Amino acid sequence: QVQLVESGGGLVQAGGSLRLSCAASGRTFSSRAMGWFRQAPGKEREFVAGISWSGGNTDYAKSVKGRFTISRDNAKNSVALQMDSLKPEDTAVYYCAARAGNIQNTANFWGSWGQGTQVTVSS
């Protein structure tokens, strides 16, 4: 199992930037795909971005492609999500997730989750 703790959320104006971080504990971090999901009130949890264990493959939701960048540092057991050109519709609780195997864009396929961090984008 991998324990995950997110940080970096907050309140930002539309057009601004935030950088989310996820610190992982556990010896298997470097062998797991990592992902970011988000959940807005009244909505289902949705895939935002994912990165393979090596960092060589990434995937993004269409709604964030070109604005968000996922990265990882296996030496530091961490993954980050750089969010630029933020929009009010990006407002949600953002969750870090880990799974063995490839990137999947469905939450049910991810086995480890952080507690989430709130991102609020004002118009």
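The values are calculated or read from the model by the stated rules, or taken from the named source; none is laboratory data. Small disclaimer: the values here were computed from a predicted structure and weren't measured. Don't worry about glycine lacking a Cβ; one is built from the backbone with ideal geometry, like all the others, and counts go over all protein chains shown. Note: areas computed on protein heavy atoms with side chains; ligands, DNA, RNA excluded. Shrake-Rupley method; radii C 1.70, N 1.55, O 1.52, S 1.80 Å.
The phi torsions of region 106-117, fed into the Karplus equation with coefficients 6.51, -1.76 and 1.60 and a -60° offset, translate into couplings of 10, 4, 4, 8, 9, x, 10, 9, x, 7, x, 9 Hz, rounded to whole numbers, with Gly and Pro shown as x.
Assuming charge only on the beta carbon of Lys and Arg (+1) and of Asp and Glu (-1), the dipole of the chain about its Cα centre is about 180 debye to the nearest 20.
Taking amide H atoms as placed 1.01 Å from N in the peptide plane, the amide H of TRP53 lies under 5 Å from those of ALA33, each 5 or more residues away in sequence or on another chain. Each residue was assigned an accessible area with a 1.4 Å probe, and for ASP59 the value is about 60 Å². For LYS76, a cut-off of 17 angstrom between C-alpha atoms picks up these aspartates and glutamates, skipping any fewer than 8 places away in its own chain: GLU6.
May I ask you to derive the relative contact order of the chain, considering only C-alpha pairs under 8 Å and at least 6 residues apart, and to give it as an integer percent?
Values: 312 pairs, mean separation 44.4, N = 123.
Answer for the chain is 36 percent.
Note on the chain: antiparallel DSSP beta bridges, both residues inside, total approximately 90 percent of the bridges counted. For region 49-65, 3J(HN,Hα) computed residue by residue from phi via the Karplus equation (6.51, -1.76, 1.60; θ = phi - 60°) reads 7, x, 9, 6, 4, 8, x, x, 10, 9, 8, 9, 5, 4, 5, 10, 4 Hz, glycine and proline entered as x. Taking 22 Å as R0, compute the FRET efficiency from the Cβ-Cβ separation of THR120 and SER54 and round it to 0.05. My answer for the efficiency is 0.10. Positive end of the dipole of the chain (Cβ unit charges, origin at the Cα centre): among GLY16, ASN108, VAL48, the Cα lying farthest that way belongs to ASN108.
Once both labels are positioned 7 Å from their Cα atoms along Cα-to-Cβ, the gap between GLN13 and ALA75 label points is 3.8 nm. Here's the list of aspartates and glutamates a cross-link from LYS43 could span, going by alpha-carbon distance under 14 Å and ignoring same-chain residues fewer than 8 apart: GLU89, ASP90. With a simple spin-label model that places each label point 7 Å from the Cα along the Cα-to-Cβ direction, the separation between ALA107 and SER63 comes to 1.2 nm. Our coupling estimate for region 70-85, obtained by passing each phi through the Karplus curve with A = 6.51, B = -1.76, C = 1.60 and θ = phi - 60°, is 9, 8, 9, 10, 5, 5, 9, 6, 9, 9, 10, 10, 8, 10, 10, 6 Hz, Gly and Pro reported as x.
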